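Let me begin by presenting the structure, written as structure tokens, before commenting on it.
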Amino acid sequence: MWQVYTRRRRIRWIAIGFILILIIWCFILYKSLHINYEEDISHTHVSSLTTISSFLYEIDNIDLFIKQTPVKYNYHIFYYPWYGNPEYDEGQYLHWNHHRLAHWNREKAAQYPQNQHKPPDDIGSNFYPLLGPYSSRSPVVLDKHMRMIRMSGAGTLSVSWYPPGMADDAGRPWDDIIPHLLDAADKYKLKVCFHIEPYQNRTADNVIYWSEYILRQYGSHSAFYRYKEKGFFYIYDSYRISTGEWRQKFSSIDKRKFQAYFVGLILKATDCQQLVSSGFDAAYSYFAANGFTEASTSQRWSSIVDICKSIPFIPSVGPGYIDTNIRPWNSETTRSRQNGYYYKQMFKDLPKDNDRIVTITSFNEWHEGTQIEPAIEKNVSKTIIYESYHQGPFTYIYLTRELIFAT
């Protein structure tokens with residue numbers, strides 16, 4: 001009897017030990033696959049990427065991550081690769097050190113500062129990035145950005161682009177970043193289209209030339225976005241080139257062979273007819289400040305779709321707008337985020353069409369405060385205080401996913 005009891009006790013302990021081993025094994029497996037999206041790093045030294053790498057664990061199983069974060073490729077998010085820091089950009093900051101711009105009225109301009117920002121603590125934005133004043137050339141940053149965009153649910157980046165050797169006044173040429181950006185996007189099964197900026201001496205003729213360049217250089221990449229088998233190009237401030245000039249150029253090329261789809265910017269509903277006359281394939285609104293233009297007024301979008309019925313209208317949603325750290329005189333254009341309500345309302349006003357392309361302004365236009373990229377609370381001094389998101393750094397990454405998959 002005693003032997004039977006002892007045997008039963010031994011079996012019971014073996015079973016308990018097996019269960020404990022199983023629990024420990026499951027915990028280890030969970031930790032290896034778990035992605036910690038929102039570890040608090042507010043006290044981290046943000047200038048060092050190595051010290052903040054813990055906020056997003058390295059993903060051992062990319063396929064599983066991609067499976068768990070589906071995206072919609074008809075949601076295009078504007079992406080800016082123009083940032084620089086001393087580590088990657090010849091010892092200097094780019095864009096983070098943006099000047100405070102002067103008002104065009106001299107008397108009003110005299111009332112506001114026009115000095116340059118001095119990173120890393122003083123940057124040209126009303127928010128402070130989780131990754132600090134990073135360089136767009138950093139492979140670590142590119143990888144984290146693609147991971148964040150995948151988490152947001154947007155499947156396509158619309159990357160701001162200047163021709164080789166050209167840049168805006170606050171930056172330096174970045175066409176050489178594009179191959180790395182495409183590779184990083186491809187790793188996370190994202191797509192990339194192009195947002196052609198108003199570079200110096202831009203004409204309809206050289207827009208076509210540079211579009212052909214993009215198609216030749218990048219069109220064969222697996223991350224290159226195609227719509228109806230065509231490369232996709234947003235032309236910012238397209239109205240700066242006359243309707244006649246556009247029409248003459250577009251009519252001189254065979255767009256079927258050219259395989260390019262061109263989207264022009266509109267400010268008001270009647271601009272659609274000019275785009276049709278010019279030969280554009282679609283229209284977009286870009287601006288995240290609701291009411292800044294008629295086309296960016298979300299309550300008008302459904303009627304604009306009807307007015308623009310000859311070509312598709314692509315509305316642009318955004319989480320808010322504030323640019324007073326580079327345009328200190330422009331507070332009237334500020335649009336409060338209202339703890340996410342502003343963003344939700346713009347999504348709510350989208351025309352009802354599940355297949356419609358929608359643009360998001362933006363992933364990382366920090367100067368104008370339209371970014372959904374994670375930001376942290378940061379108080380440098382009494383005069384340098386940054387805004388923060390109401391539910392932590394990843395608030396707008398999570399909210400974007402929620403809103404994309406609710407529509």
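Considering the range 138-188, and only residues there that are of a type in the set (Asp, Glu) and part of a loop (DSSP other than H, G, I, E, B), the residue that is farthest from Trp210 (Cα to Cα) turns out to be Asp169.
What number of residues within the range 232-244 satisfy the criterion of being in contact with a Ser or Thr (Cβ under 7 Å, 6 or more places away or on another chain) and of a type outside the set (S, T, N, Q)?
Qualifying residue count, the range 232-244: 3.
Number of residues in the range 73-98 that are under 29 Å from Ser222 (Cβ atoms) and either of a type in the set (Phe, Trp, Tyr) or modelled with pLDDT under 95 (or both): the value is 8. Scanning the range 331-366 for residues that are farther than 26 Å from Val305 by Cβ and touching a Ser or Thr at 6+ places or on another chain (Cβ under 6 Å) yields a total of 2.
Would you check if Thr361 is under 25 Å from Leu94 (Cα atoms) and surrounded by 14 or more Cβ atoms within 10 Å (Cβ to Cβ)? Here the answer is yes, as Thr361 does meet what is asked.
Could you check how many residues of the range 336-348 are closer than 25 Å to Pro312 by Cα, buried (at least 16 other Cβ atoms within 10 Å of the Cβ) and not aliphatic (A, V, I, L, M)? Before the answer, list the steps.
Within the range 336-348, the subset closer than 25 Å to Pro312 by Cα is 342-348.
Right, trim to buried (at least 16 other Cβ atoms within 10 Å of the Cβ) and you get 342-344, 346-347.
The next check asks that each one be not aliphatic (A, V, I, L, M); those that pass are 342-344, 347.
Residues in the range 336-348 being closer than 25 Å to Pro312 by Cα, buried (at least 16 other Cβ atoms within 10 Å of the Cβ) and not aliphatic (A, V, I, L, M): 4 in total.
Considering the range 305-328 alone, what residues qualify as being touching a Cys at 6+ places or on another chain (Cβ under 8 Å) and either touching a residue at least 60 places away in the same chain (Cβ under 8 Å) or under 28 Å from Ile397 (Cβ atoms) (or both)? Within the range 305-328, just Phe313 meets the criteria.
Here are some residues: Val192, Val207. Which one is within 26 Å of Pro315 (Cα to Cα), within 22 Å of the chain's Cα centre (by Cα) and not in a loop (DSSP other than H, G, I, E, B)? If you could, list the steps in order and put the result at the bottom.
Numbers: Val207 fails: within 22 Å of the chain's Cα centre (by Cα).
So the residue among Val192, Val207 that is within 26 Å of Pro315 (Cα to Cα), within 22 Å of the chain's Cα centre (by Cα) and not in a loop (DSSP other than H, G, I, E, B) is Val192.
Return yes or no: is Asp122 under 23 Å from Glu387 (Cβ atoms) and either surrounded by 21 or more Cβ atoms within 10 Å (Cβ to Cβ) or not β-branched (Val, Ile, Thr) (or both)? Yes: the conditions hold for Asp122.
The values are calculated or read from the model by the stated rules, or taken from the named source; none is laboratory data. These numbers were taken from a predicted model, which means no experiment stands behind them. Backbone-built Cβ (ideal geometry, glycine too); neighbour counts: all protein chains shown.
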